[in-house]
Amino acid sequence: MFYVGKGTGKRISSHVAEVKRGEIGDNPRKYQRIREILESGWKVIEVVFSRHSDEDEAFCCEDLLIETLSDQ
C-alpha cells in the first residue's frame, strides 16, 4: 500500500491515466511510484474501501486507513 486518498467520482483512476499521459501531478513521489509499477509490467490495483455522502466522515475514514495501513 502506498497511497490512500479521499476521492470523488472517477478520481481513483485519474492518477494512472495522468502517468500514462506523462504528467507529473501534484505529488511527484506518488506519480513516480505509479510509473515504476507500470514500467515493471505490473498493474496498479485501485481499491475503494468505502463510500460516504458526508465529507467529514470520508476524511475520518481516510485518516483511519492511513494510520492503519502506514505500518504495512
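Some observations on this one:
- Length available on full extension from Leu65 to Lys30: 0.36 nm per residue minus the Cα-Cα distance, which gives 10.9 nm.
- Averaged over its residues, the chain has an accessible area of 81 Å² per residue, based on protein heavy atoms and a 1.4 Å probe.
- If you take all other residues with their beta carbon under 9 Å from the beta carbon of Val16, and give Lys and Arg +1 and Asp and Glu -1, the sum is 0.
- Computed lengthening from Leu38 to Ser50, 0.36 nm per intervening residue step minus Cα-Cα distance: 1.8 nm
- Between helix 55-69 and the chain there is an angle of about 60 degrees, using the helix long axis and the longest principal axis of the Cα atoms.
- Surface composition of the chain: carbon plus sulfur atoms hold 51% of the accessible area, using a 1.4 angstrom probe and ignoring ligands, DNA and RNA.
- When +1 charges are put on Lys and Arg Cβ atoms and -1 charges on Asp and Glu Cβ atoms, the dipole computed for the chain relative to its Cα centre reaches about 540 debye.
- Nearest-ten-degree value, helix 28-39 long axis tilted from longest Cα axis of the chain: 60 degrees
- Share of Cα-Cα pairs in the chain lying beyond 16 Å, as whole percent: 53 percent
The values are calculated or read from the model by the stated rules, or taken from the named source; none is laboratory data. Not measured: the values here are computed from a predicted model. Counting neighbours? That spans all protein chains shown, and the Cβs are built from the backbone with ideal geometry, glycine included. Surface accessibility is based on the protein's heavy atoms, side chains included, excluding ligands, DNA and RNA. Shrake-Rupley method; radii C 1.70, N 1.55, O 1.52, S 1.80 Å.
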